[in-house]
Amino acid sequence: MNILEQDIINYLSNRFFSYVKIVKEVNIEKIHNMMIKNNKLDIDNLDHEVLHYIGVHYYINKKYDEALKYFNMAIEKDNVYSMAIMGIMYQHGIYFGKNIDLAIKYFERASNKENGTAMLMLGSIYHNIGSHYDYNLALKYYVKYCNSTEDSLNEFITIDKNKIIWEDYLHEYWPNKGKISTQIFMLLLISKNRFKCDHLSWMVKGITRMIIRHLANYGLKS
């Protein structure tokens, strides 16, 4: 990681915004100049990464008209992170009124391109919003999230160091450790390690209990 990229990460972290890895090395300097130095970029021929981060910059500064302009340009080039942010904006009524159906539309589009945030948000909508409550869809997206999240898969190898989790969350519903689904181990590790915010950790722990109960009741196996 170079100094410019670290500057970007710090800038976003200080404003409570998650960093999305910039894949193309050439884009780091462009995004840094725009975000940190407030230099304007020539938007012709910019790829989706840069367009997304221009949108993020305007979003952070609550210039939503401009943010939407660039998010939509990034979406036209299949940027899944802009899709997810648009879903969040519609879900929570940021800038425009709440519209859960449109939120679902953007989340589904991002989810179909393997975006984990969108999967988790779809699970949350179907789990928590009464007008759209659908237990099976909630379960589908939560498990899909577990299966597609690289961070969770990487953390899976540390399960032997987290045996206390088994006692805390699993024994009540599934005493036979040998038959537990891989997805459940992933969820437990997510709830313990992935989320630092208390309310997110609490949400995933609740999800974990729900899926464990479902698997225990219906005898599903990995």
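Coordinate-derived values only; no laboratory data. Since we're looking at a predicted model, the values are computed, not measured. With ideal geometry, Cβ positions are generated from the backbone for all residues, glycine too; neighbour counts draw on all protein chains shown.
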Q: Run down HIS127, HIS52, HIS57 and say which single residue is farther than 26 Å from LYS144 by Cβ, over 14 Å from the mean Cα position of the chain (by Cα) and surrounded by 13 or more Cβ atoms within 10 Å (Cβ to Cβ).
A: HIS57
Q | Selection from region 41-72 of residues that are acidic (Asp, Glu), in contact (Cβ under 8 Å) with a residue 12 or more places away in the chain and outside any helix (DSSP H, G or I) | A | ASP47
Q) Where residues in region 60-100 are over 20 Å from LEU12 (Cα atoms) and hydrophobic (A, V, I, L, M, F, W, C), which of them is surrounded by the most Cβ atoms within 10 Å (Cβ to Cβ)? A) ILE75
Q. Looking at (1) aliphatic (A, V, I, L, M); (2) in a loop (DSSP other than H, G, I, E, B); (3) surrounded by 23 or more Cβ atoms within 10 Å (Cβ to Cβ), can you tell me which one ALA103 breaks?
A. (2)
Q. What's the number of the condition ILE75 fails, among (1) in a helix (DSSP H, G or I); (2) out of contact with any Asp or Glu (no Cβ under 9 Å at 6 or more places or on another chain); (3) over 22 Å from GLY116 (Cα atoms)?
A. (3)
